[in-house]
Amino acid sequence: MIRSNMRIIVCIKQVPDTNEFKIDLETGIMIREGLPCVMNPDDKNALEEALRLKDEYNAEVIALTMGPLQAKDVLKEAMAMGADEVILISDLPFAGSDSLATAAILAAAIERIGHYDMILCGMQAMDGNTGQTGPQLAELLNIPQITYLKELNIIDNTVTATKWTESEKYTFKLNMPVLLTVNNELNDPRIPTMMGVMKAYDEAGEKKIKVWGANDLDIDIEQVGIKGSVTNMYESCLTHINRVSTIIEGEDEKEMAKSLAMKLSELNLI
């Protein structure tokens, strides 16, 4: 058994369609304005795992995100899926924060939220792919962490979590509070119900979104944003790949294999 007031915070992020993004050549930062945006896929798996625990243990689920006001859209999606409370951290001093500055802002917000038993994060965001924000957040909050989560069980106040690496399987037992990062191998996110969508996207749903700025958090704005970020972006560019298809012909598989080998040899690939 676990206590009935279990509280789970899920850190989610709104990310742009990476097939259409552009880079600001002066700052090296992605231009997000005007891009279609979605909830980061790994974060949706993190939210689903929190909602699974809510279904099983009647836990409270809080979805937390940082971004511009348009990031309310992913919070509405989180509400439609079943999140109980949603919070947006949004302010100009936070713009351009790297993973460490972002983790510091999230940590300040979580400190304001207060009691929690578990923090769930996506393994990485598809617009940055650093995989650093979750672990950095755990370090700043001084709580244990398990990354690349594949299995999760809870008994009393103890989390039993399993992760795999390329060569080994590891199982950990930790007391809560704990931070876990997940990817799409853990579960399949649910589709919101029609009733959930209606409640999340009506006027009442909009009013449920709490918006916190720099003045609402105990944080030094000199340590966040572009100014406070420790990551230096020296160069950004878009990679364009032009593929040319070659059809290998022959009367049978043996002749086709010979032709393929000759072609690869001409290209110095074998």
- prompt: Do we have I143 as surrounded by 13 or more Cβ atoms within 10 Å (Cβ to Cβ) and of a type in the set (A, V, I, L, M) here?
  reply: yes
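Taking the stretch 42-67 as the region of interest, how many residues are assigned to a loop (DSSP other than H, G, I, E, B) and open to solvent by 10 Å² or more (accessible area, probe 1.4 Å)?
The number of residues fulfilling the criteria is 2.
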query: Checking D117 against (1) exposed (fewer than 15 other Cβ atoms within 10 Å of the Cβ); (2) modelled with pLDDT of 90 or more; (3) out of contact with any helix residue (DSSP H, G or I) (no Cβ under 9 Å at 6 or more places or on another chain), which test does it fail?
result: (1)
task: Could you run through the stretch 177-198 and say how many residues are open to solvent by 20 Å² or more (accessible area, probe 1.4 Å) and either modelled with pLDDT under 90 or not basic (K, R) (or both)?
output: 14
field: Neighbours by Cβ (under 7 Å, 6+ apart or cross-chain): first from the stretch 196-210, under 18 Å from L51 (Cβ atoms) and touching a residue at least 40 places away in the same chain (Cβ under 8 Å); second assigned to a helix (DSSP H, G or I) and open to solvent by 70 Å² or more (accessible area, probe 1.4 Å)
entry: G205/K199
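Condition check ((1) within 19 Å of I221 (Cβ to Cβ); (2) outside any loop (DSSP other than H, G, I, E, B); (3) within 16 Å of the chain's Cα centre (by Cα); (4) free of Cβ contacts under 8 Å to residues at least 12 places away in the same chain) across all residues:
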| position | (1), (2), (3), (4) |
| --- | --- |
| I87 | yes, yes, yes, no |
| P93 | yes, yes, no, no |
| S97 | yes, no, yes, no |
| I105 | yes, yes, yes, no |
| C121 | no, yes, yes, no |
| N129 | no, no, yes, yes |
- request: Answer with yes or no whether L88 is surrounded by 20 or more Cβ atoms within 10 Å (Cβ to Cβ), hydrophobic (A, V, I, L, M, F, W, C), modelled with pLDDT under 95 and in contact with a strand residue (DSSP E or B) (Cβ under 6 Å, 6 or more places away or on another chain).
  value: no
- line: Residue hits (the stretch 146-169; open to solvent by 30 Å² or more (accessible area, probe 1.4 Å) and touching a residue at least 40 places away in the same chain (Cβ under 8 Å)) are I155, D156, N157
- request: With the condition kept exactly as written, say whether any residue in the stretch 68-76 is out of contact with any Ser or Thr (no Cβ under 8 Å at 6 or more places or on another chain), open to solvent by less than 30 Å² (accessible area, probe 1.4 Å) and of a type in the set (A, V, I, L, M, F, W, C).
  value: no
- line: Subset of the stretch 238-264, residues modelled with pLDDT of 80 or more and open to solvent by 100 Å² or more (accessible area, probe 1.4 Å), comes to I247, E249, E251, E253, K254, K258, M262
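The values are calculated or read from the model by the stated rules, or taken from the named source; none is laboratory data. Everything numeric here is computed off the predicted structure, so don't read it as measured data. Ideal geometry is used to build each Cβ from the backbone, glycine not excepted, and the neighbour counts take in all protein chains shown. Surface areas here come from the heavy atoms of the whole protein model, side chains and all, with no ligands, DNA or RNA. Shrake-Rupley method; radii C 1.70, N 1.55, O 1.52, S 1.80 Å.
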